[in-house]
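The values are calculated or read from the model by the stated rules, or taken from the named source; none is laboratory data. Everything numeric in this text was worked out from a predicted model, so none of it was measured. So basically every Cβ, Gly included, is an ideal-geometry build from the backbone, and we count neighbours across all protein chains shown.
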Amino acid sequence: MQLFGQSEDACELHLALRALVWQSLTVTEPLDQITDWLTIPEAGELLGIVPGKVRRLIEEHHLIAIKTDNVQRIPAEIIINGEPLPSLRGTIVLLLDSGFTLGGAIKWLYTVEDSLATTPMAALISGRKTEVRRVAQSLAF
């Protein structure tokens, strides 16, 4: 890969530096603001599916889960009217394709983004998918 005619080593250094800069902007743990968590069986009940299918939705990025105390937990706010938040999967895939790790993508979704004046997740929930994805694309490293 070349970036503006730079060597591959220079590109890798550039990407690593951008990742460090982004990570240094986090002042507090973004996931602390999530107040309602669901276990996989609880999410299955809300979605009307068995836990195995919930796990599949997590693997396919229709849902996100964080492992705490050896239990996978899903933010309750991403299940709306018995369905996963429709804009979540494409946004997660965009972030992964842009160089984020899954953990980094989830943290970014819950970190206030100045250009959105809120967190990207709150913007997605309120129907601002295009804005969120535009910002996410600009972060590609």
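Need pairs with beta-carbon distance below 9 Å; first residue within 27 Å of ASP32 (Cβ to Cβ) and within the stretch 50-65, second part of a loop (DSSP other than H, G, I, E, B) and among the β-branched types (Val, Ile, Thr); sequence gap 6+ or separate chains. Listed by first residue and then by second, the contacts come to LEU57/ILE49; ILE58/ILE64. Of the residues in the stretch 97-107, at least one is surrounded by 17 or more Cβ atoms within 10 Å (Cβ to Cβ), touching an Asp or Glu at 6+ places or on another chain (Cβ under 9 Å) and either modelled with pLDDT under 95 or part of a helix (DSSP H, G or I) (or both). When residues of the stretch 113-124 are filtered for being surrounded by 16 or more Cβ atoms within 10 Å (Cβ to Cβ) and outside any strand (DSSP E or B), how many remain? So the answer is 7.
Among GLU12, GLU60, which is the only one that is exposed (fewer than 15 other Cβ atoms within 10 Å of the Cβ), at pLDDT below 95 and of a type in the set (D, E, K, R)?
The match here is GLU12.
Looking across LEU63, LEU57, one residue alone is touching a Leu at 6+ places or on another chain (Cβ under 7 Å), of a type in the set (A, V, I, L, M, F, W, C) and part of a helix (DSSP H, G or I). It is LEU57. Confirm whether GLU42 is over 16 Å from ILE125 (Cβ atoms), at pLDDT 95 or above and charged (D, E, K, R). So GLU42 passes the test.
Inside the stretch 125-141, residues that are assigned to a helix (DSSP H, G or I) and touching a residue at least 12 places away in the same chain (Cβ under 8 Å) make up a count of 8. For the stretch 82-95, does any single residue satisfy the condition of being in contact (Cβ under 8 Å) with a residue 24 or more places away in the chain, buried (at least 16 other Cβ atoms within 10 Å of the Cβ), outside any loop (DSSP other than H, G, I, E, B) and among the hydroxyl-bearing types (Ser, Thr, Tyr)? Looking for residues that are in contact (Cβ under 8 Å) with a residue 24 or more places away in the chain, buried (at least 16 other Cβ atoms within 10 Å of the Cβ), outside any loop (DSSP other than H, G, I, E, B) and among the hydroxyl-bearing types (Ser, Thr, Tyr), one finds at least one in the stretch 82-95, hence yes.
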